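The values are calculated or read from the model by the stated rules, or taken from the named source; none is laboratory data. Small disclaimer: the values here were computed from a predicted structure and weren't measured. Cβ placement follows ideal geometry from the backbone for every residue including glycine, while neighbour counts extend to all protein chains displayed.
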Amino acid sequence: MKSKFIYFINIIKLFIIIIALLCLRTSSSKMEIFSTNENVNKSIDLSTMAIYINKEEEQIANEEALQTYLWGSLDSYTGDLTGYGAFCPLCTGHLACMSSLDLSNGRTTYEDKTYGEVRIVASSKNLPCGTIIKFDSKIISEEPVIAIVLDRGVLGNDIDLLSPSEEYASRYVGRSKITYDVLRMGWTK
């Protein structure tokens, strides 16, 4: 009988220890979630702060992914860069990919929804209309040139930069070998 009584007491002790551990675990997890700032006497919800920080990190990651998507090279080509005026001897004054765009005022840029104001270039049919390219040419600009394919009339991987006039094209663009990156292949849907 005495052994049953000791057995019963040991089971009660075990239950008390388990309950004490559960109470300690519950109170310590509560202390992890809420902390008090003694300086301003306000409580801070650390789990809400963690969610806020995670959203900021997610937004930064999304912005980085967008920049990689927009400015990452899909492919690279090497060809000759030349210039042309909208009314050159073999030109009609209209672009092959967008004939409604008015070039009579010397316009050489296009406002793209994604890339903003970009230069207009002609390429062969190797690059679909609406393709965005990026190239460096210190003759034209100290900054990289971002351009959109809106015209045709060259062969292979060559690029022809729309210039205000034929005189400007021959004087300031000339002919040079460039390597250019394709940032977007054709129009986006």
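Is at least one residue of segment 42-50 among the charged types (D, E, K, R), at pLDDT 80 or above and farther than 13 Å from Asp151 by Cα? No, segment 42-50 has no match at all. If you go through segment 133-142 and pick out every residue that is surrounded by fewer than 12 Cβ atoms within 10 Å (Cβ to Cβ) and in a strand (DSSP E or B), you end up with 0.
For segment 71-127, a tally of residues being part of a loop (DSSP other than H, G, I, E, B) and β-branched (Val, Ile, Thr) returns 3. Whether any residue in segment 175-182 is surrounded by fewer than 20 Cβ atoms within 10 Å (Cβ to Cβ), of a type in the set (Val, Ile, Thr), more than 13 Å from Leu81 (Cβ to Cβ) and in contact (Cβ under 8 Å) with a residue 40 or more places away in the chain is what I want to check. Yes, there is a match, as at least one residue in segment 175-182 is surrounded by fewer than 20 Cβ atoms within 10 Å (Cβ to Cβ), of a type in the set (Val, Ile, Thr), more than 13 Å from Leu81 (Cβ to Cβ) and in contact (Cβ under 8 Å) with a residue 40 or more places away in the chain.
Residue-wise test of (1) buried (at least 16 other Cβ atoms within 10 Å of the Cβ); (2) under 19 Å from Thr188 (Cβ atoms); (3) touching a strand residue (DSSP E or B) at 6+ places or on another chain (Cβ under 6 Å).
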{"position": "Gly85", "(1), (2), (3)": "yes, no, yes"}
{"position": "Gly93", "(1), (2), (3)": "no, no, no"}
{"position": "Leu101", "(1), (2), (3)": "no, yes, no"}
{"position": "Thr114", "(1), (2), (3)": "no, yes, no"}
{"position": "Val145", "(1), (2), (3)": "yes, no, yes"}
{"position": "Leu155", "(1), (2), (3)": "no, no, no"}
{"position": "Asp160", "(1), (2), (3)": "yes, no, yes"}
{"position": "Ser163", "(1), (2), (3)": "yes, no, yes"}
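Evaluation of Gly130 against the conditions (1) part of a loop (DSSP other than H, G, I, E, B); (2) at pLDDT 95 or above; (3) of a type outside the set (S, T, N, Q); (4) surrounded by fewer than 13 Cβ atoms within 10 Å (Cβ to Cβ) shows that the sole unmet condition is (4). Listed by first and then second residue, the pairs with beta-carbon distance under 6 Å, at least 6 apart or on different chains, first residue in segment 117-139 and more than 9 Å from Val149 (Cβ to Cβ), second charged (D, E, K, R), are Glu117/Glu111; Val118/Asp112; Lys134/Asp181. In segment 143-174, what residues are part of a helix (DSSP H, G or I) and aliphatic (A, V, I, L, M)? Listed by number, the residues that qualify are Ala169, Val173.
For the structure I just gave you, tell me whether Ala169 is in the same structural domain as Leu101 (by TED's automatic domain parsing), small (Gly, Ala, Ser), touching a residue at least 60 places away in the same chain (Cβ under 8 Å) and surrounded by 15 or more Cβ atoms within 10 Å (Cβ to Cβ). Criteria met by Ala169.
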